[in-house]
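A.B. asks: Dropping the structure in here first, questions after.
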Amino acid sequence: VQTESAAWIAGRRDVLSGLFYLGAAAWYLRAAARAERGPAATGLLLLACLSKGTSVVLPAVALAAEWCWPPAQRRHWLTRQAFVWTVALGLLVVHLSVGRAQQVIQPYHGGGWLGNLTTSARAFTRYFEVLAFPVNLCARHHFPPTLSIWWLLAPAAFGATIIALLARRRMAGLCLAWFAVGLAPVSGMLFPLSRPFAERYLYAPALG
């Protein structure tokens, strides 16, 4: 699926960020399981964010991970969260500023907020199709906007499933949350991007 990571040398950032992102997540889970503060996860998160800006969503994944442990094991969870959120929020400001300067953030697809939302929902559904059936792959996709609100059903159902699983402290909920949260900054639902769909966006989310 990672055509862009193989097509040109700039795709190395996906591999680097994926390595550090996975390392930070693994170290955070290790610290949570042992009720430790986990400063090493913060250092790995910093490297992941410097490799690629989309890694700033890891603290949200880590927050979902906290719910997978019994309350007795949540010692130092505020400290763990404070470490990773401080790094992520600081670098988020930097990446948003650079994104606007380099015109990565664009006007709404489809002419308005609703069109951008439905186009993003269609792209979210397309990511599942690509993972299940990796055919017709391309380093640069043309993804036309859509105004059909039916595309909103898939993200809504996916979000409801995550909430239901996390409420029961199931690790499956964390895996799905990892996928959804990983796509959040590149989904176009938070702010419109120059490219509503790209296979390279799946690198860190697919680890979930």
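The values are calculated or read from the model by the stated rules, or taken from the named source; none is laboratory data. Bear in mind the structure is a predicted one, so any value in this text is a computation, not a measurement. Here Cβ is always computed from backbone atoms with ideal geometry, including for glycine, and neighbour counts include all displayed protein chains. Quick note on the areas: whole protein, heavy atoms, side chains included, nothing else; ligands and nucleic acids left out. Shrake-Rupley method; radii C 1.70, N 1.55, O 1.52, S 1.80 Å.
A.B. asks: Kindly indicate whether any position in segment 25-34 is aromatic (Phe, Trp, Tyr) and in a loop (DSSP other than H, G, I, E, B).
C.D. replies: Let us first name the residues in segment 25-34 that are aromatic (Phe, Trp, Tyr), namely 27-28.
Narrowing further to those that are in a loop (DSSP other than H, G, I, E, B): none.
No, there is no match, as no residue in segment 25-34 is aromatic (Phe, Trp, Tyr) and in a loop (DSSP other than H, G, I, E, B).
A.B. asks: Taking into account only those residues within segment 39-48 that are open to solvent by 10 Å² or more (accessible area, probe 1.4 Å) and small (Gly, Ala, Ser), which is nearest to ALA204 (Cα to Cα)? Full working, then the answer.
C.D. replies: Here is the first cut: in segment 39-48, the ones open to solvent by 10 Å² or more (accessible area, probe 1.4 Å) are 39-40, 42-44, 46-47.
Narrowing further to those that are small (Gly, Ala, Ser): 40, 43.
Numbers: ALA40: 19, GLY43: 17 Å.
Among those that are open to solvent by 10 Å² or more (accessible area, probe 1.4 Å) and small (Gly, Ala, Ser), it is GLY43.
A.B. asks: Pairs under 6 Å by beta carbon, first residue under 14 Å from GLY53 (Cα atoms) in segment 3-29, partner among the hydrophobic types (A, V, I, L, M, F, W, C) and in a helix (DSSP H, G or I), six or more apart or different chains?
C.D. replies: Partner pairs satisfying both residue conditions: SER17/ALA48; GLY18/ALA204; PHE20/LEU44; PHE20/LEU47; PHE20/ALA48; TYR21/ALA48; TYR21/ALA204.
Yes or no, residue by residue, for (1) part of a loop (DSSP other than H, G, I, E, B); (2) closer than 21 Å to TYR203 by Cβ; (3) under 15 Å from the mean Cα position of the chain (by Cα):
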residue: SER97; (1), (2), (3): no, no, no
residue: GLY115; (1), (2), (3): no, no, no
residue: ARG122; (1), (2), (3): no, yes, no
residue: LEU165; (1), (2), (3): no, no, no
residue: LEU176; (1), (2), (3): no, yes, yes
residue: MET189; (1), (2), (3): yes, yes, yes
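A.B. asks: Being more than 18 Å from the chain's Cα centre (by Cα), within 20 Å of ALA6 (Cβ to Cβ) and of a type outside the set (Phe, Trp, Tyr) is the filter here; which residues of segment 124-141 pass it?
C.D. replies: Correct list: PRO134, VAL135, ASN136, LEU137, CYS138, ALA139, ARG140, HIS141.
A.B. asks: Which residues, counting only those in segment 124-142, are open to solvent by less than 80 Å² (accessible area, probe 1.4 Å) and not in a helix (DSSP H, G or I)?
C.D. replies: Scanning segment 124-142 gives PRO134, LEU137, CYS138, ALA139, HIS141.
A.B. asks: Turning to a different aspect of this structure: Kindly indicate whether any position in segment 143-162 is open to solvent by 30 Å² or more (accessible area, probe 1.4 Å), closer than 21 Å to ARG12 by Cα and not in a helix (DSSP H, G or I).
C.D. replies: No, the conditions are met nowhere in segment 143-162.
A.B. asks: Just a yes or no: is a residue in segment 67-83 in a helix (DSSP H, G or I) and within 16 Å of the chain's Cα centre (by Cα)?
C.D. replies: No, segment 67-83 contains no residue that is in a helix (DSSP H, G or I) and within 16 Å of the chain's Cα centre (by Cα).
A.B. asks: Turning to a different aspect of this structure: Can you pull out the residues in segment 191-206 that are more than 12 Å from the chain's Cα centre (by Cα) and either open to solvent by 10 Å² or more (accessible area, probe 1.4 Å) or among the β-branched types (Val, Ile, Thr) (or both)?
C.D. replies: Result: PHE191, PRO192, LEU193, SER194, ARG195, PRO196.
A.B. asks: Could you look through segment 99-113, keep only residues that are within 20 Å of ARG200 (Cβ to Cβ) and part of a helix (DSSP H, G or I), and pick out the one that is least open to solvent (accessible area, probe 1.4 Å)?
C.D. replies: Here the answer is GLY99.
For every residue, the table says whether it meets (1) more than 17 Å from PRO185 (Cβ to Cβ); (2) at pLDDT 80 or above; (3) open to solvent by 40 Å² or more (accessible area, probe 1.4 Å).
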{"residue": "SER5", "(1), (2), (3)": "yes, no, no"}
{"residue": "ARG12", "(1), (2), (3)": "yes, yes, yes"}
{"residue": "TYR21", "(1), (2), (3)": "no, yes, no"}
{"residue": "ALA32", "(1), (2), (3)": "yes, yes, no"}
{"residue": "LEU50", "(1), (2), (3)": "no, yes, yes"}
{"residue": "GLY53", "(1), (2), (3)": "no, yes, no"}
{"residue": "ALA62", "(1), (2), (3)": "no, yes, no"}
{"residue": "TRP77", "(1), (2), (3)": "yes, yes, yes"}
{"residue": "VAL93", "(1), (2), (3)": "no, yes, yes"}
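A.B. asks: Is it fair to say TRP67 is in contact (Cβ under 8 Å) with a residue 12 or more places away in the chain, touching an Asp or Glu at 6+ places or on another chain (Cβ under 6 Å) and open to solvent by 80 Å² or more (accessible area, probe 1.4 Å)?
C.D. replies: So TRP67 fails the test.
A.B. asks: List pairs: first in segment 156-173 and hydrophobic (A, V, I, L, M, F, W, C), second assigned to a helix (DSSP H, G or I) and loosely packed, with under 15 Cβ neighbours inside 10 Å, Cβ under 7 Å, 6+ apart or cross-chain?
C.D. replies: So the pair list comes out as LEU165/ALA172.
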